[in-house]
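What follows is a short report on a single structure.
The values are calculated or read from the model by the stated rules, or taken from the named source; none is laboratory data. A quick note: this is a predicted structure, and the numbers were derived from the prediction, not measured. Virtual Cβ from ideal backbone geometry, glycine too; neighbours counted across all protein chains shown.
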Protein chains: 2
Amino acid sequence: MKPDGLIKQVSLSVEPPSLNDTASDLERFQKNLSPLLDGRPLQTTLASLRDLGPALRGGEWQVVATLADIGDSWRLIRVDPTNHPSPVLGLAIDLGTTTVVAELIEVGTGKVLASRLVYNAQKEYGVDVTTRMMYAERPGGLSELRQVILTTMNEHVVALCAETNGRPEDIAAIVIAGNTIMIHLLLGLDPSSIRREPYVPATTVFPILTAVEVGLNVNSGAPIYMFPAASGYIGGDVTAGLLGTHIPDEEPLSILIDIGTNGETVLGNNGFLLACSGSAGSAFEGCGLEWGMAAQPGAIDRIRFDGDRLIYHTVDDQPARGICGSGLIEALGAFLQSGLINRSGRVNLALPGAQNFKGHPEILLVPAADTARGKEITLRQGDIENLIRDKAALYAGSRILLANTGMTFDDVERIFIAGNFGQSLEIEQAVRIGLLPDIPRERIKFIGNSSLTGARTALLSRDAWRRAQEIASSITCLELTIEPRYFDEYTAALFLPHTDLSLFPSIL
Amino acid sequence: MKPDGLIKQVSLSVEPPSLNDTASDLERFQKNLSPLLDGRPLQTTLASLRDLGPALRGGEWQVVATLADIGDSWRLIRVDPTNHPSPVLGLAIDLGTTTVVAELIEVGTGKVLASRLVYNAQKEYGVDVTTRMMYAERPGGLSELRQVILTTMNEHVVALCAETNGRPEDIAAIVIAGNTIMIHLLLGLDPSSIRREPYVPATTVFPILTAVEVGLNVNSGAPIYMFPAASGYIGGDVTAGLLGTHIPDEEPLSILIDIGTNGETVLGNNGFLLACSGSAGSAFEGCGLEWGMAAQPGAIDRIRFDGDRLIYHTVDDQPARGICGSGLIEALGAFLQSGLINRSGRVNLALPGAQNFKGHPEILLVPAADTARGKEITLRQGDIENLIRDKAALYAGSRILLANTGMTFDDVERIFIAGNFGQSLEIEQAVRIGLLPDIPRERIKFIGNSSLTGARTALLSRDAWRRAQEIASSITCLELTIEPRYFDEYTAALFLPHTDLSLFPSIL
């Protein structure tokens, strides 16, 4: 058992009762346990109280207590007989607007037993957070959205357990990194005030609830740790992402760009953290694109132009089913290199690979015969425009953050790109299309799903969880919609790489 | 609002947010609330967090917070807009083996809005606690018994709310006085170790759980306060009863006899408390008798012999439906006075009123024409024997307690008789049959359902709730089954009033 995780186990030998010593099970158990709890009180859950008697007698008064650090006290999650211990599992969840990714972790070793991505079933109620908040304002809407996400998360539990022969009741803790609105919807908190000036959420710091309270079908007393947010639009997913990058602990000025549905960007170092978000990035998650998808088996995650034709790679080398974020970035770059699109993203129908579909230009990625479903996989003119709008919003966000601190991209020593993408990404192409600034490439690092990494890190480290609280409270949030220069910056970035080519000197 | 109850309300004026002050709702609410919480931390429930935003905005930043004292901290149960407050209700419950009595209380005034008694639906699984514990040991048995009692309690909630036009979510706290086994079954705690030497329960002190955790359909974050027990057989119902009598606070040596299914007896004063229990008393609750019933409308609660015939009274003056505890005690006394039964309880068939039913003697209480169901109400020979066994067990229990302290009934200054009976009771008849000792009658007091009184008292007084913790831990328990003199005492008391008539000099 990792001794410094949010969950710890303690072995105990308990004195059996007799007619001369008829103290209750709990009393005699606590007498032995209390000295091991660093002075913090013990909170007993109903589930652990149910375990206690059978465990003490079944284990001949030798038991293992599973405890969760919940801040001011320890919560007793479970008691097992020493001669018949149960596995202790944890879930790390990235609760995203578009996708929900969960990892089932063996808490003792930190080993990831299984990992799983599904689309957030709330997608049916709107692609972005704003439309979902609007839906939540309808009568019954909030409760409906809550049920939908609970169903998605509980399906994760069932599937991950089935895959690993685990039992839901062995899941002793869940750490969730989610944006503020997703967490509000999960908990049934009215998000309407987040949508209106001055954009205030019900809370940014979430109490450590129990699974039964939230409605998650794991051990009923399992604590649900939700990463603290900085504001309504800078959520716990950003806090979790920052935790993993160590930006808040180190000197070098850095930028974290989370290419998710909400496109959060943070500029800072160990001295300050300045963040903004815009509904930008969902196209890079595949949202709203005909063939967009998450980085699941069969997703095109790499693509390049070999001078003659497009060469692609799919996740797990499966027949192509669609294209995910890293594939989309590389595709735009490759199209631009090959001339298949021009600087405003317009498809050149004169070139091979470009074609017409019901009067709209598109670019063929995979011929029908090579795909999983026997249908051509293409990127349409509208898809390309969506991607350009999203990359423009992300670039403009970084520019505004820098302008607010009187700095430029030249001052930035590291850029971390987070996203639920494939295994890797051709950084050059991300710069070519102007998603990333034209700085030395070695300063740019692709870090995958940093929110999920942060959630896993906190589950396995109490110190990391505490650090997350400090990080969230030290973030200053910038509201782009009331930032006067934002619209100009955005418009200027609606080209590949940018209207101002002097910003991209290395790109021809 | 009673300022010293377990539930308190606090009015707050909260600063509205602006673009220059975008702290979350909870943060600004807590800033104003914290100074009013006597230094104890605030525990936020999910339900109260859901209320917060709508209440702050609906009340134009003037709100009322409903808080529960849960020991080391305050639990936030609800937040209402000041201009639209909701009622704050509480439930006091006597969770008995045979009956479950609940009172719906307006916490602000202490007013009992409605009161309701139902039979514990677990009766179908066994009349006494032992048979229920045995059932709980079958596969699925514990969970089944738990569901059954939850259903009974949730029906109480629905019915009490319907009667008063209240809403279940306005019930902000529940205080339960129940014996240790009933509480174990309610919580799904395995009671099997209570049934076997050394008779140890899972716990005697129950954590303050939330309604959603326990499965009670009131405000999901409402704290469930369960009176602490002294042992597996001296439960929280006894603690609650003692709280109401003030025996533990005063000098006079006193006895509390709870004529319930488990027949608990406590001897003591402000210096010591000694308790025992035996499965004795359920006949006086009507259990196992052909016409036995609780003190509900139509129950014969008073009965006397006017020299010629039996005169009875029913609860609410309704047509007779059966006979309850106080009626049973008075009936036995009246039968004895009239000669309808002799000192061993045998019916004298020669007298009018005595009759034969399928070869068994019985005594007619109400002719068919006068009853609610058009059927004769009688007490049968077997019923009378059941009652004598129960009164013998209760009397023997008190004698053993006294013997253990080297005292006699002459040293006892007060006897409190608790039971879920009618409004009053002819004490003389209780002495005549030997249920109570032959001491000056003014020392004997009938106090009704003292467990329910204790539960109500604690709901309305934090000090009383704290005092209950001290009381429970200061009770010494005597196990009658391993007490060598008990069987002799019991056998000697199987007569009316007793085999040793010198113990009852005033009874002719």
Margin query: Within segment B:34-56, take every residue that is more than 19 Å from B:A222 (Cα to Cα) and more than 7 Å from chain A (Cβ to nearest Cβ) and give me the one that is modelled with the highest pLDDT.
Written below: B:L56
Note to self: Being more than 14 Å from every other protein chain (Cβ to nearest Cβ) and of a type in the set (S, T, Y): is that true of B:T131 here?
What the structure shows: yes
Next item on the list: Return only the number of the condition from (1) among the small types (G, A, S); (2) on the phi > 0 side of the Ramachandran plot; (3) surrounded by fewer than 24 Cβ atoms within 10 Å (Cβ to Cβ) that B:G434 does not satisfy.
Entry: (3)
Check: (1) over 26 Å from B:T99 (Cα atoms); (2) more than 14 Å from chain A (Cβ to nearest Cβ); (3) in contact (Cβ under 8 Å) with a residue 60 or more places away in the chain; (4) touching a Leu at 6+ places or on another chain (Cβ under 7 Å): which one isn't true of B:T476, the others all being true?
Finding: (2)
Next item on the list: Name, by its number, the condition in (1) touching a Gly at 6+ places or on another chain (Cβ under 7 Å); (2) within 12 Å of another protein chain (Cβ to nearest Cβ); (3) at pLDDT below 95; (4) crowded, with 24+ Cβ neighbours inside 10 Å that does not hold for A:G281.
Entry: (2)
Check: Within segment B:177-219, restricting attention to residues that are touching a Phe, Trp or Tyr at 6+ places or on another chain (Cβ under 8 Å) and more than 14 Å from every other protein chain (Cβ to nearest Cβ), which residue is nearest to A:N20 (Cα to Cα)?
Finding: B:N179
Next item on the list: Go through segment A:15-32 and give me each residue that's exposed (fewer than 12 other Cβ atoms within 10 Å of the Cβ), in a loop (DSSP other than H, G, I, E, B) and within 7 Å of another protein chain (Cβ to nearest Cβ).
Entry: A:L19
Notebook entry, point to check: Conditions: (1) away from chain B (no Cβ under 14 Å); (2) in contact with a helix residue (DSSP H, G or I) (Cβ under 6 Å, 6 or more places away or on another chain); (3) at positive phi; (4) at pLDDT 95 or above. A:G126 meets all but one. Number of the miss?
Noted result: (4)
Note to self: Between A:D370, A:D308, which is at pLDDT 95 or above and either among the small types (G, A, S) or out of contact with any strand residue (DSSP E or B) (no Cβ under 6 Å at 6 or more places or on another chain) (or both)?
What the structure shows: A:D370
Note to self: Considering only residues that are hydroxyl-bearing (S, T, Y) and in contact with an Asp or Glu (Cβ under 7 Å, 6 or more places away or on another chain), which ones fall in segment B:69-98?
What the structure shows: B:S86, B:T97, B:T98
Next item on the list: Check whether at least one residue in segment B:416-426 is over 18 Å from the mean Cα position of the chain (by Cα), outside the structural domain of B:F206 (by TED's automatic domain parsing) and more than 23 Å from B:G288 (Cβ to Cβ), and report yes or no.
Entry: yes
Item checked: Selection from segment A:256-274 of residues that are hydrophobic (A, V, I, L, M, F, W, C), over 19 Å from the mean Cα position of the chain (by Cα) and in a loop (DSSP other than H, G, I, E, B) -> A:F272
Next item on the list: State all residues of segment B:108-143 that are under 20 Å from the mean Cα position of the chain (by Cα) and closer than 25 Å to B:T164 by Cβ; if no residue qualifies, say none.
Entry: B:G110, B:K111, B:V112, B:L113, B:A114, B:S115, B:R116, B:L117, B:V118, B:Y119, B:N120, B:A121
Note to self: Out of everything in segment B:73-102 that is small (G, A, S) and touching a residue at least 60 places away in the same chain (Cβ under 8 Å), what residue ends up being farthest from B:S18 (Cα to Cα)?
What the structure shows: B:G96
Item checked: Qualifying positions in segment A:424-442 - among the β-branched types (V, I, T) and assigned to a helix (DSSP H, G or I) -> A:I427, A:V431
Item checked: Subset of segment B:66-77 that is more than 27 Å from B:I149 (Cα to Cα) and surrounded by 19 or more Cβ atoms within 10 Å (Cβ to Cβ) - its residue that is nearest to the other protein chains (Cβ to nearest Cβ) -> B:L76
Next item on the list: Just one of (1) buried (at least 16 other Cβ atoms within 10 Å of the Cβ); (2) in contact with a helix residue (DSSP H, G or I) (Cβ under 7 Å, 6 or more places away or on another chain) trips up B:H84, so point out which.
Entry: (1)
Margin query: What's the number of the only condition in (1) within 14 Å of chain B (Cβ to nearest Cβ); (2) out of contact with any Gly (no Cβ under 7 Å at 6 or more places or on another chain) that A:G5 fails to meet?
Written below: (1)
Check: Within the set of pairs 6 or more residues apart or between chains, which connect a residue that is acidic (D, E) inside segment B:44-72 to a residue that is crowded, with 22+ Cβ neighbours inside 10 Å with Cβ atoms less than 7 Å apart?
Finding: B:D51/B:R78; B:D51/B:V79; B:D69/B:L6
Note to self: Which numbered condition in (1) out of contact with any Leu (no Cβ under 8 Å at 6 or more places or on another chain); (2) farther than 22 Å from A:A68 by Cβ; (3) crowded, with 16+ Cβ neighbours inside 10 Å; (4) of a type in the set (A, V, I, L, M, F, W, C) is the only one that A:A136 fails?
What the structure shows: (1)
Checklist line | Tally, over segment A:88-105, of residues that are closer than 14 Å to A:G166 by Cα and in contact with a Ser or Thr (Cβ under 9 Å, 6 or more places away or on another chain) | finding: 4
Item checked: Failed item in (1) farther than 27 Å from A:R485 by Cα; (2) loosely packed, with under 15 Cβ neighbours inside 10 Å, with A:G406 passing the rest -> (1)
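Residues are listed down the side, and each one gets a yes or a no for (1) in a loop (DSSP other than H, G, I, E, B); (2) away from chain A (no Cβ under 14 Å); (3) touching a residue at least 24 places away in the same chain (Cβ under 8 Å):
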position	(1), (2), (3)
B:S451	no, yes, yes
B:T457	no, yes, yes
B:A464	no, yes, yes
B:I471	no, yes, yes
B:F487	no, yes, no
B:F495	yes, yes, yes
B:T499	yes, yes, no
B:S502	no, yes, no
B:I507	yes, yes, yes
